[in-house]
Amino acid sequence: MNQSRSIEGFAAHMHSAGLSCGDELISDGKIHRFHVAGDKPGSLNGWYVIFSDLVVAGAYGSWKRGEKYTWSAKGIRLSDETREKLNAQLAKARSDYKIERHKEHLSVAHFSQEKWINAQPAKAQHPYLVKKCVGTHELRQIKNHLLVPLMDFHGEIWNLQTIYANGDKRFESGGRVSGMFCPVGVKAMGESSKLIICEGWATGASLHEILGGLVLCAMNAGNLVKVAEGAREHFPDSEIIIAADNDAHTPGNPGLTKALEAGWLIQATVMSPQFPAGAEGTDFNDAVRLGWRGHDHQYTRNLHDSR
């Protein structure tokens, strides 16, 4: 089988797994990333590698889904030697990818830190803060753009989320998000052993204003587990509460599902917002704006407490 036919077969196999790449496939033994249909716009979670000296074999998958597939041309059985070579090349390609990602993370971290330093304290009149009915909580601002810092448990900024006046949000491209968070209420750390973990920043601001204590905003449901694991490691004696988003109208309710997973892993309480009939909302910022003040349990439900 010639090289072009092999690549066509490889592309067909990718398509059958729901991981089609829109660009022309390159056979050079290196990992190439691509956008997976259905993932967040701009994300590059898909990957593939085709080996130039092994045109009948390659591998592909999705970092986000944790999927990995290997492929060889129909009718050709890979020898043990060839398979070992394929695995070795794939391991090297993955190692090279991790090195490049780390370099990219460091570059974005430096850019984000410089941008943060040069920004001004956020104004309470910013349209997003007014809409969400929350204070500034040490956010910063450039022009009319709010900056939300994403940091690690050592306080180092690795990325920024920019919130525009119309509520649109974006992270710095190529920066770290997994395991990162924005803290709200750092000054309250010594006043209470309670620690709350939630998704969005505005939700975290509302939770701190109503319940007090330190709040870690994981920024999305998929990051709750990583932040929760880090919090339990760094705050082993704290009472940790996972404040779930209640995505009742989204298939699988990802906010609640991931919060329960995080709660089970670190032995934490999970609470979810509830809304009166006819009221729309998914998170605790929505609940606060509807009247929740912490003591009113009609807006909350304790779902899991394994402590």
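The values are calculated or read from the model by the stated rules, or taken from the named source; none is laboratory data. Because the structure is a prediction, the values reported are computed rather than measured. Neighbour counts run over all protein chains shown; Cβ positions are idealised from the backbone, glycine included. Please note that ligands, DNA and RNA were not included when accessible areas were found on the heavy atoms of the full protein model with its side chains. Shrake-Rupley method; radii C 1.70, N 1.55, O 1.52, S 1.80 Å.
Among TYR97, TYR60, the order of accessible area from largest down is TYR97, TYR60, computed with a 1.4 Å probe on protein heavy atoms. Most simply put, the chain has about 75% antiparallel DSSP beta bridges, counting only bridges with both residues inside it.
Per residue, the convex hull around the alpha carbon atoms of the chain comes to 164 Å³. Charge tally for GLY18 (other residues, Cβ to Cβ under 12 Å; Lys, Arg +1; Asp, Glu -1): -1.
Ligands, DNA and RNA aside, GLU233 has an accessible area near 140 Å² when probed at 1.4 Å. Adding -39500 (n - 2.57) for every DSSP H run of four residues or longer, then dividing by how many residues the chain holds, sets the calculated 222 nm ellipticity at -10500 deg cm²/dmol. Rounded to the nearest percent, how much of the accessible area of the chain (1.4 Å probe, protein heavy atoms only) is carbon and sulfur? In the chain, the share of accessible area belonging to carbon and sulfur is 50 percent.
Accessible area per residue for the range 114-241 in Å², computed with a 1.4 Å probe and the full protein assembly in place, what is it?
44
For ASP296, the solvent-accessible surface with a 1.4 Å probe is about 40 Å², rounded to the nearest 10.
Enter the angle in degrees (range 0 to 90, nearest 10) between the Cα long axis of helix 224-234 and the first principal axis of the Cα atoms of the chain, meaning the one along which they spread out most. In the chain, helix 224-234 runs at an angle near 70 degrees to the longest axis. Reported to the nearest whole Å, the Cα centre-to-centre distance from the range 269-297 to the range 182-238 is 18.
Annotation: for a label point projected 7 angstrom from Cα along Cα→Cβ of GLU138, no residues of the range 242-277 have a backbone N closer than 20 Å. With each label modelled as a point 7 angstrom along the Cα→C-beta vector, the ARG289-TRP116 pair spans 2.7 nm.
Please list log₁₀ I(q)/I(0) at q = 0.13, 0.21, 0.22 Å⁻¹ for the range 69-153, using the Debye equation with identical point scatterers on the alpha-carbon positions. Summing over Cα pairs of the range 69-153 leads to -0.64, -1.01, -1.04.
Between the residues PRO121, CYS133, HIS13, the greatest Cα displacement towards the positive end of the dipole of the range 1-147, with unit charges on the Cβ of Lys, Arg, Asp and Glu, is found for CYS133.
Assuming charge only on the beta carbon of Lys and Arg (+1) and of Asp and Glu (-1), the dipole of the chain about its Cα centre is about 340 debye to the nearest 20.
The 1.4 Å probe gives accessible areas that order ARG289, ARG5, largest first, as ARG5, ARG289. Under the convention that each Lys and Arg Cβ holds +1 and each Asp and Glu Cβ holds -1, the size of the dipole of the range 132-241 around its Cα centre is about 380 debye.
A straight chain from ARG5 to LYS131 at 0.36 nm per residue would run longer than the Cα-Cα distance by 39.7 nm. Each listed q (0.10, 0.19, 0.21, 0.23 Å⁻¹) maps to a log10 I(q)/I(0) for the range 132-243 from the Debye sum over equal C-alpha point scatterers, namely -0.26, -0.96, -1.18, -1.40.
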